[in-house]
Amino acid sequence: DAGVIQSPRHEVTEMGQEVTLRCKPISGHDYLFWYRQTMMRGLELLIYFNNNVPIDDSGMPEDRFSAKMPNASFSTLKIQPSEPRDSAVYFCASSFERGVAGETQYFGPGTRLLVL
Amino acid sequence: GQSLEQPSEVTAVEGAIVQINCTYQTSGFYGLSWYQQHDGGAPTFLSYNALDGLEETGRFSSFLSRSDSYGYLLLQELQMKDSASYFCAVRDRSGNDKLIFGTGTRLQVFP
């Protein structure tokens, strides 16, 4: 398997523009996670899905952020309108299971977003 | 809620042994995970401890003491390529089971 795939790898945009980040999880994985990483705040979970259903979106910073998972092989994270403080690395991760025995989350390469 | 504490930075020389500690506060606990992240890269899973004791995987070992809410990652025979950030993480059972990451420990290995 190719692993978790994210696109674009880099995005530079101007304040106020819409940004759409894309993720293809590993085939067969039931869980998909969106994280944001900054120097100030570290690695934060934004939202996660189980079988395409959002389970916890409490980490989504505000209404400008939205995420969808229309099918098991695709998810998007959208920021509209974007602001300079949204500049960060956005990671998508997937996992096969989340039992008591533990889980392994597989991270994509990330999208480096810069909002000017 | 959950909180995790790690040292911000550790330095060591090639061939040495280094221990990265993690203390956590949690209202519910499954186990402690460790992830490695090289500069510009993505986090990569290293290990998971659900029970007390030491888990060994090659040069890396991870330890957990549930009674002390404490764990550590032990890296032996350090190599330059081990220079990276290391994150401990726990599942927040009180908050929809999401994974909470520590702030990370930056390890620098010198020749």
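Here are the numbers:
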read-out: Chain B - Rg (one decimal) and Dmax (whole number), Cα, Å; value: 13.5, 44
read-out: Two-site FRET efficiency, A:ASN52 against B:TYR70, from Cβ-Cβ distance with R₀ of 45 Å, rounded to 0.05; value: 0.75
read-out: Cβ-Cβ FRET estimate between A:SER27 and A:LEU114, R0 fixed at 41 Å, reported to 0.05; value: 0.85
read-out: Relative contact order, percent, chain B [alpha-carbon distance under 8 Å, six or more residues apart]; value: 37 percent
read-out: Percentage, to the nearest whole number, of Cα pairs in chain A over 22 Å apart; value: 27 percent
read-out: For chain A, accessible area per residue (1.4 Å probe, heavy atoms of protein chains only), Å²; value: 49 Å²
read-out: Two-site FRET efficiency, A:GLU62 against A:PHE96, from Cβ-Cβ distance with R₀ of 30 Å, rounded to 0.05; value: 0.45
read-out: Ordering of B:57-69, A:23-35, B:39-51 by burial proxy (mean other Cβ atoms within 10 Å per residue, highest first); value: A:23-35, B:39-51, B:57-69
read-out: Largest to smallest accessible area among A:MET69, A:MET15, B:MET80, A:MET40 [probe 1.4 Å]; value: A:MET40, A:MET15, B:MET80, A:MET69
read-out: Rg over Rh, two decimals, region B:28-75 (C-alpha only, Kirkwood Rh); value: 1.01
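The values are calculated or read from the model by the stated rules, or taken from the named source; none is laboratory data. These numbers come from a predicted model, not from an experiment. Every residue, glycine among them, receives a Cβ derived from its backbone with ideal geometry; neighbour counts consider all protein chains shown. Just the protein is used for accessible areas: all its heavy atoms, side chains included, with ligands, DNA and RNA removed. Shrake-Rupley method; radii C 1.70, N 1.55, O 1.52, S 1.80 Å.
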